[in-house]
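Quick notes on the structure that follows.
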Amino acid sequence: MLTSHKSSIRFAVAAAFAVASTFAMSAQATDITGAGSSFVYPVVSKWSAAYAQKTGNQINYQSIGSGGGIAQIKAGTVDFGASDMPLDEATLDKFGLGQFPDVIGGIVPAFNIDGVAPGKMVLDGTTLADIYLGKITKWNDPAIVKLNPKLKLPAAAITVVHRSDGSGTTFNFSDYLSKISPEWKAKVGEGTAVQWPVGIGGKGNEGVSAYIKQIKNSIGYVEYAYAYQNHIGYAVMKNAAGNVVEPTIANFQAAADTADWKDSKNFNLVMTNAPGAKAWPITATSWVIMYKQPKNVANAKVAFDFFKWAYEHGQDQARSLYYVPLPPSLVQQIETYWKNEYKM
Amino acid sequence: MPVISAEPIARDNEQRSREDARHDRIFRRVLKFCALLVLAALLGAALSTLWGGREVLFGDGLRFLLSDSWNPVDDKYGALAPIFGTLVTSLIALVLAVPVSFGIALFLTEIAPAWMRGPVGAAIELLAGIPSIIYGMWGLFVFVPFMSSIEPALSNTLGNIPLIGKLFQGPPLGLGLLTAGIVLAVMILPFISSVMREVFQTVPTRLKESSYALGSTTWEVLWDIVLPYTRSAVIGGIFLGLGRALGETMAVTFVLGNSYNITSSLLMPGTTISSSIANEFNEAVGMHRSALIALGFLLFVVTFVVLLIARLMLRQLAKREGK
Amino acid sequence: MSANSIYARRRITNVLAMLFSGCATALGLLFLVWILWVTASNGLHSIHLSLFTKITAYADQGGLSNAIVGSLLMDLMAMLMCVPIGVLAGTYLAEYANISKLGASIRFLNDILLSAPSIVLGLFVYVIIVLPMSNLTHGSISFSGFAGSVALALIGLPVIVRTTDEMLQLVPGTLREAALSLGVPQWKLTVQVLMRAASSGILTGVLLALARLAGETAPLLFTAFGNNFMTVHPLDKMASLPAAIYQYTNDPSPALHSIAWAGALLITLFVLALSLLSRLLFSRKKVRYE
């Protein structure tokens with residue numbers, strides 16, 4: 001017994017020593033971590049899997065919401081953050097951060113109503129704002145019926161679904177509603193997280209889609225890939241030009257085309273409620289945020305290589321998930337930005 | 001590790017006992033150090049959350065506690081909605097779990113045949129072993145749809161009763177305060193029932209037998225003899241369950257709806273302290289983070305007080321037993 | 001009221017109470033069976049070999065191997081931390097501070113720690129490990145499997161302290177007196193006699209602690225963070241089974257749900273097997289001392 005005790009103690013000591021020495025020997029962790037936007041998670045995770053197979057470099061991207069991405073890159077706990085809300089110049093300068101777009105996509109109002117197929121419901125910004133303000137509470141409200149005279153809408157209460165975490169999807173959505181509805185602007189405003197007048201909160205685009213799928217007569221807003229991949233009903237929208245448009249790559253592209261990237265500093269440009277005739281009204285860009293003087297240069301280099309690879313080889317994957325790849329002129333502008341702004 | 005050799009070397013007895021005393025001292029110090037680590041862990045948890053939440057706790061003070069507005073746009077945070085959700089879901093859980101646990105304890109101590117007590121008791125305690133994430137999955141995928149199918153019936157019946165009717169009105173979402181409360185009730189049931197069962201067994205047999213001899217029914221023995229005898233410990237067990245319910249995170253996050261609202265209806269969504277932290281901590285900076293850590297401190301203090309009461313109550317019975 | 005009707009009323013009350021208690025027990029069992037059934041039927045459906053060979057980076061085309069490895073590793077590291085400390089601390093309470101004020105207050109605080117909200121312990125580890133590490137290494141180490149395992153260790157620790165304390169107290173005093181009268185120093189008595197006598201009881205506590213911490217999710221969210229790739233480096237951000245289940249449950253995709261169920265089944269089986277095993281050990285133990 002004495003010996004068995006001794007050996008178990010010896011084992012514990014040896015094990016503790018082994019763990020401690022592993023720490024000591026390699027103070028540097030080996031993974032490259034990005035975190036943030038769930039809006040881009042579907043495509044970034046596809047990219048990262050493909051990139052890992054091609055190069056062996058592992059980009060660990062965690063979908064924790066844009067708010068989380070911004071917070072974690074500021075805290076320096078990840079190699080890059082991803083956000084669908086651009087940071088302003090003051091913030092970027094204060095933290096020594098730079099930002100560049102990685103992909104463009106569309107946010108759609110998504111719903112779950114028996115008998116109403118995806119793409120069959122028409123909504124406009126005012127109605128959407130009133131639903132999210134809690135002023136429209138039933139699906140057969142005159143405002144909705146007026147937009148959808150042919151639809152058979154139930155007299156059921158609307159369950160509003162929003163995000164529970166800080167989100168760039170929320171930023172673009174609330175930015176759009178602020179542009180359309182003065183009341184929304186005054187009462188709620190825009191941001192990655194806002195004080196919701198009504199509704200339940202889902203975590204990430206994932207969580208919102210899951211709730212919409214599960215709760216009858218609900219409405220929410222998600223990146224289009226989430227609605228499409230999960231067969232969730234989505235609405236078509238009346239845009240700034242007064243046309244009813246579908247959420248398609250062509251219409252996201254139409255909105256993106258109105259963007260004047262050349263004059264934007266740090267690519268700070270929000271394209272909601274874009275003016276084009278076919279433009280999808282809630283089209284959003286996602287940005288990658290990194291330190292201009294990265295503390296871990298090796299990791300940052302791999303991250304840049306990853307995005308370069310994605311711009312060049314990830315376009316088909318992006319399109320297959322209904323994202324709009326960045327136009328070549330913008331990619332060129334980004335690469336110049338890298339050269340000028342990032343010191344490595 | 002000092003090794004004491006058993007070889008018959010001639011050694012001064014005095015030196016040996018001195019060495020023993022030294023080893024004893026070292027051993028004792030190591031043990032004491034480890035025990036103090038427990039103390040440090042608890043104090044550290046309290047102090048670090050107090051420190052992390054200082055901006056909000058000391059800067060906003062009462063306003064933080066009393067404001068129901070959780071507004072990240074203006075960077076203003078009030079704890080009332082999460083506190084409300086935490087208390088309401090825990091209270092629902094208690095209201096449901098206490099009588100059921102009592103029934104189970106009664107069944108297992110007085111009614112069930114002896115062969116049944118072991119396995120059934122073990123099965124009930126298995127409920128405590130299921131990880132909370134599993135309760136969350138079951139809650140979201142199975143129990144929420146079930147609740148949304150029976151909630152219209154609830155609204156139509158209970159919802160019409162004056163006074164308490166308001167509690168049961170609302171859209172049949174399936175998720176909300178009531179659903180979260182029920183899931184919590186299932187989770188704390190094994191804790192409360194096992195305490196009750198244990199303390200019921202401490203009642204001296206002669207007390208019970210005397211009562212039976214006077215013609216009491218099983219129920220009367222339990223209600224008039226066992227319960228008064230064990231009252232403080234039973235309350236302790238209930239508080240132990242309450243402590244569990246207050247701090248539960250994962251299961252609640254899935255079924256509560258994560259919405260900062262204070263509503264009169266139990267069918268409406270809400271939020272709790274722990275689910276707010278789980279949802280928002282990774283994205284929070286500045287005041288937001290401070291507010292979340294301050295919430296954590298509040299939760300810690302509240303559970304500390306509840307568990308304090310629980311332990312003191314439980315101790316009373318132990319004292320009476322002469323332990 | 002006649003004596004008969006009083007008698008009848010008492011009997012009816014009694015029958016109702018018996019009925020209620022039977023129903024309550026049935027209800028408790030119903031929930032157990034319901035939850036286990038749902039987990040087992042959904043989980044068995046989805047258990048494939050790819051679960052153990054592929055990583056979470058491939059989402060619905062992938063598996064959980066990195067999460068399983070991460071969980072095992074963090075559980076192991078947590079146990080390496082909390083078992084020695086817990087056993088020694090429990091020994092202190094039982095053998096050195098059984099009646100002292102310090103012992104009483106530590107025992108009391110340990111009971112509080114036992115029921116403390118796990119998410120607050122996660123916050124604590126974030127503040128004392130993740131933040132300082134990130135500041136010291138300029139962010140190249142921040143969230144880590146190590147931080148996750150410290151959080152888990154804090155959850156396992158009080159379980160081990162308490163069972164060790166209780167089990168040592170069960171050891172008859174005569175054993176102590178016999179050894180002391182032979183002139184055995186107290187540390188030797190404790191390690192070689194008492195701990196040995198209580199070893200199966202202490203092992204019960206170790207198993208219970210493992211069962212408890214293996215199922216924890218909340219404290220890992222902001223300590224281990226998560227990783228879509230395989231890693232065994234303790235300072236990397238690390239995936240864990242409960243966190244992967246949390247992420248997949250929160251997703252609309254049915255394919256991910258089924259992977260989550262498979263993971264849920266694995267973890268439930270692991271945890272329940274541990275608690276059954278500890279129960280078995282403990283009942284044997286009881287027989288020996290009664």
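Things worth noting here:
- Selection count, region C:1-50, where residues are open to solvent by 60 Å² or more (accessible area, probe 1.4 Å), among the aromatic types (F, W, Y) and within 30 Å of the chain's Cα centre (by Cα): 2
- Subset of region C:86-142 that is among the β-branched types (V, I, T) and closer than 20 Å to B:G52 by Cα - its residue that is farthest from the other protein chains (Cβ to nearest Cβ): C:I129
- Every residue from region C:181-201 that is open to solvent by 10 Å² or more (accessible area, probe 1.4 Å), away from chain B (no Cβ under 14 Å) and either under 22 Å from the mean Cα position of the chain (by Cα) or among the basic types (K, R) (or both): C:R196, C:S199, C:S200
- Selection of region B:201-233 for residues being open to solvent by 10 Å² or more (accessible area, probe 1.4 Å), more than 20 Å from B:A114 (Cα to Cα) and not hydroxyl-bearing (S, T, Y) yields B:L207, B:A213, B:L214, B:G215, B:E220, B:W223, B:D224, B:I225, B:L227, B:P228, B:R231.
- Test: B:R231 is within 11 Å of chain C (Cβ to nearest Cβ) and on the phi < 0 side of the Ramachandran plot: no
- Residue satisfying condition, being of a type outside the set (A, V, I, L, M) and outside any helix (DSSP H, G or I), within set C:G86, C:G70, C:G63: C:G63
- Scope region C:209-231; condition more than 8 Å from chain B (Cβ to nearest Cβ), in contact with a helix residue (DSSP H, G or I) (Cβ under 6 Å, 6 or more places away or on another chain) and surrounded by 24 or more Cβ atoms within 10 Å (Cβ to Cβ); matching residues: C:A209, C:L210, C:L213, C:P219, C:L220, C:T223, C:A224, C:G226, C:N228
- Inside region B:44-71, residues that are more than 27 Å from C:L113 (Cα to Cα) and open to solvent by less than 30 Å² (accessible area, probe 1.4 Å) make up a count of 2.
- Of the residues making up region A:47-61, those that are closer than 16 Å to A:D102 by Cα and at the interface with another protein chain (Cβ under 8 Å from one of its Cβ atoms) are A:S48, A:Y61.
- Test: B:L80 is under 17 Å from the mean Cα position of the chain (by Cα), surrounded by fewer than 19 Cβ atoms within 10 Å (Cβ to Cβ) and more than 7 Å from chain C (Cβ to nearest Cβ): no
One line per residue, one yes/no per condition, for (1) under 17 Å from A:K301 (Cα atoms); (2) touching a residue at least 40 places away in the same chain (Cβ under 8 Å):
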| position | (1), (2) |
| --- | --- |
| A:I64 | no, yes |
| A:G68 | no, yes |
| A:Q99 | yes, yes |
| A:N112 | no, yes |
| A:A117 | no, yes |
| A:T127 | no, no |
| A:I136 | no, no |
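- Inspection of region A:175-197 identifies no residue that is assigned to a strand (DSSP E or B), more than 23 Å from A:Y322 (Cα to Cα) and not charged (D, E, K, R).
The values are calculated or read from the model by the stated rules, or taken from the named source; none is laboratory data. All figures in this text were calculated on a predicted structure; none of them were measured in a lab. With ideal geometry, Cβ positions are generated from the backbone for all residues, glycine too; neighbour counts draw on all protein chains shown. What goes into the accessible areas is simple: the full protein's heavy atoms, side chains included, and nothing from ligands, DNA or RNA. Shrake-Rupley method; radii C 1.70, N 1.55, O 1.52, S 1.80 Å.
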